[in-house]
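Peer 1: The structure follows.
The values are calculated or read from the model by the stated rules, or taken from the named source; none is laboratory data. These numbers come from a predicted model, not from an experiment. Ideal geometry is used to build each Cβ from the backbone, glycine not excepted, and the neighbour counts take in all protein chains shown.
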Amino acid sequence: MIRALLRSLQPREAGLLRRALMAMALSALAQGAALALLPMAFAQWFGNTTPWAWAIGFTGMALLCLWLRRYAQLAGYRAGAEAAQALNRRIGDKLVQLPLEWFVERRSAELNRLVTHTVLQIMSTPAHLLQPMANALLTPLALLLALFFYDRSMALAALAALPLLVLVYHWGVRWGGQAEALSEAAANEAAARVMEFLRQQPLLRSSGRTEQGFDLLTEALAQQQQAQRHAHWRTFPAALGLAVVLQAGYSAILLCGLYAVLGGTLDAAKFLALAILATCLVEPMGALVNLGTTLRQTRHGLNRLRHLLQMPGLPEPLEPQPALGYDVQVRDVGLVRQGQAILQGIDFTLQERSLNLVVGASGSGKSSLLRLLARFSDVSSGAIHLGGVDLRQLSALARDTQVALMFQDSPLLPGSLLDNLLLGRPDASEEQWQHAARATGLDRLAERLPQGWHTVLGEQGVSLSGGERQCLALSRVLLKDASLILLDEPTAALDAISEARVNRTLLQLARRHTVVLVTHKPTLAPHADQILLLDHGQLAQVGRHDALMATPGRYRELFHEREAINRWRLRPDPTVPQRTVPHDR
């Protein structure tokens, strides 16, 4: 486990941990050396000789042990804190490299447990676990060598118990290891269910499942409790066996010492001191099972952490190239997920300073295409070029600076309204962010909030309506002022007045930027420079609105269907008697 932890750290943090380990080992050996001086001190004391030399030696070794332990403790705390900081930083660096589809609900729960539980376990290992482990292994070793110096029969009795002790310990590791793995899996499942239950509260309440909605969570928590209980009972026999072996070994050491005293080869004073040594030899080894269990759990968590850090992310170019413009070329692009073709044979060009609509039925691949344009994942075949450069040859910083994307769900941070607006451009001036807010009507929302722009929105912006969240997300995109702007249903939750305001803003935006808009509404279709129709993951039609309407095809059918829907009206049925609602007088 220690080697795995050292491999997971950078050289600086690994050096701190090595120094802490060295201090802990020396502290445990110094403790054993100090205790090893007790028999000679006792013998001289009861032999009417003042054991000044031995007392001074014992005091010196004890002080050295205390100093080393204090240094080791501080070094362990520092190494643990530095290791946790380094691992969290590496996790953060890795997460921004992973494709977006990696972040499903269950993995988010595992990641949350990894950061909040596993990293803390790793941090506590050098601070709280390694010193007791060093005391349990190295101090008895030093005392065993001292026993050979004082009485060989007592040392051989202790040595004879060692193979049996190792056998019981490894048997406990094998016996409890599987149960511990099942317990960890159950804990991850419970964490996923807790996050799922919290995030789906609006759905559960609107569906009237406020009580039945607990079923999956209750089942996961019950399975976790059962798995933990099972793991406890699987480790209990090993702990009991270890205690039996230690007590048997301790009794054998004392019996050998008594036999030597009765035989006249060992004086009583030295035997008394050796009995204390035997106690100090056995006592720290009793914690081996619990310490070993905790270290194994930490090692399992460290393995999961290393697996995350070794996952292949989106590759970065060795020599990034700058984009020479912001036109987009999509060449024979295909996307395959879990053996299923999401997109195939997509080929088109987006000119600079143009408004491009992506339309199609639900599930046709529109949002997937938008994510590929932002390089949230790589294409399975073909290539996408921005400004004549393959997206894979742009650095992450250059790509994130030149591309802005608005999702359908409009994710928000639990900060203030202004914090969320400035997320994509924290150095924006007040004039700039006020202009972006007026373009979507967000300034009117700020006027209605109790603390204006500094009103805290809460987790996921729960205090805002769906339309208000979309206004904020769209304002954030406008403020970023990226060259390529990708919008996924930006007006789906807006009222008619707000939608008209946003549409005017998008038309103005297309004069300076390349805008790609996924939509089901035909409002902007006559004004679009290009319309892309996706059907079952393929590019079915491309062109301007007038040309597509003049050509029989799926686009004309969709447009007429949308117009028919817009003409729907609610009228009373003449065959149904009308009820008169009385007015209050």
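Peer 1: Where the second residue is surrounded by 15 or more Cβ atoms within 10 Å (Cβ to Cβ) and hydrophobic (A, V, I, L, M, F, W, C) and the first is under 16 Å from Ser354 (Cβ atoms) and touching a residue at least 24 places away in the same chain (Cβ under 8 Å) and lies in the range 535-555, which pairs have Cβ atoms under 8 Å and are six or more apart or on separate chains?
Peer 2: That search, which allows pairs on different chains as well, returns Val542/Phe348; Val542/Ile531; Val542/Leu532; Val542/Leu533.
Peer 1: Mind telling me which of the residues Ala473, Ala510 ends up being buried (at least 24 other Cβ atoms within 10 Å of the Cβ) and touching a Leu at 6+ places or on another chain (Cβ under 8 Å)?
Peer 2: Exactly one of Ala473, Ala510 is buried (at least 24 other Cβ atoms within 10 Å of the Cβ) and touching a Leu at 6+ places or on another chain (Cβ under 8 Å), namely Ala473.
Peer 1: Okay, next question. Cβ contacts < 7 Å: first residue in contact (Cβ under 8 Å) with a residue 12 or more places away in the chain, restricted to the range 109-131; second residue of a type in the set (Lys, Arg), any location; separation 6+ or different chain. Result?
Peer 2: Once the first residue is in contact (Cβ under 8 Å) with a residue 12 or more places away in the chain and sits in the range 109-131, its partners that are of a type in the set (Lys, Arg) give Leu114/Arg304; Thr118/Arg304.
Peer 1: Would you check if Ser410 is polar (S, T, N, Q), buried (at least 16 other Cβ atoms within 10 Å of the Cβ) and at pLDDT below 85?
Peer 2: In short, yes.
Peer 1: Looking at (1) surrounded by fewer than 18 Cβ atoms within 10 Å (Cβ to Cβ); (2) over 30 Å from Ala510 (Cα atoms); (3) not small (Gly, Ala, Ser), find the lone condition where Asp332 falls short.
Peer 2: The one condition Asp332 does not meet is (2).
Peer 1: Follow-up. Output the number of the condition that Glu468 fails; it satisfies all remaining conditions of (1) in contact with a helix residue (DSSP H, G or I) (Cβ under 8 Å, 6 or more places away or on another chain); (2) surrounded by fewer than 18 Cβ atoms within 10 Å (Cβ to Cβ).
Peer 2: (2)
Peer 1: So, in the range 551-580, of the ones that are of a type in the set (Val, Ile, Thr) and under 58 Å from the mean Cα position of the chain (by Cα), which residue ends up modelled with the lowest pLDDT?
Peer 2: Here the residue is Ile565.
Peer 1: Here is a further query. Does any residue of the range 41-53 turn out to be surrounded by fewer than 20 Cβ atoms within 10 Å (Cβ to Cβ), of a type in the set (S, T, N, Q) and modelled with pLDDT of 75 or more?
Peer 2: no
Peer 1: Taking Gly208, is it on the phi > 0 side of the Ramachandran plot, surrounded by fewer than 18 Cβ atoms within 10 Å (Cβ to Cβ) and at pLDDT below 75?
Peer 2: yes
Peer 1: Which one is modelled with the lowest pLDDT among residues in the range 146-201 that are of a type in the set (D, E, K, R), assigned to a helix (DSSP H, G or I) and crowded, with 16+ Cβ neighbours inside 10 Å?
Peer 2: For the range 146-201, the residue satisfying everything is Glu180.
Peer 1: Here is a further query. Quick one: is Leu217 in a helix (DSSP H, G or I) and in the same structural domain as Leu141 (by TED's automatic domain parsing)?
Peer 2: yes
Peer 1: If you check Ile531 against the conditions, is it within 28 Å of His454 (Cα to Cα) and either among the β-branched types (Val, Ile, Thr) or surrounded by 16 or more Cβ atoms within 10 Å (Cβ to Cβ) (or both)?
Peer 2: It is false that Ile531 is within 28 Å of His454 (Cα to Cα) and either among the β-branched types (Val, Ile, Thr) or surrounded by 16 or more Cβ atoms within 10 Å (Cβ to Cβ) (or both).
Peer 1: Criterion first (surrounded by 14 or more Cβ atoms within 10 Å (Cβ to Cβ) and either closer than 23 Å to Val403 by Cβ or not assigned by TED's automatic domain parsing to the domain that holds Val336 (or both)) does Leu487 satisfy it?
Peer 2: yes
Peer 1: Let me ask something else. Could you look through the range 346-374, keep only residues that are within 17 Å of Gly334 (Cα to Cα) and surrounded by fewer than 15 Cβ atoms within 10 Å (Cβ to Cβ), and pick out the one that is modelled with the lowest pLDDT?
Peer 2: The residue in question is Gly363.
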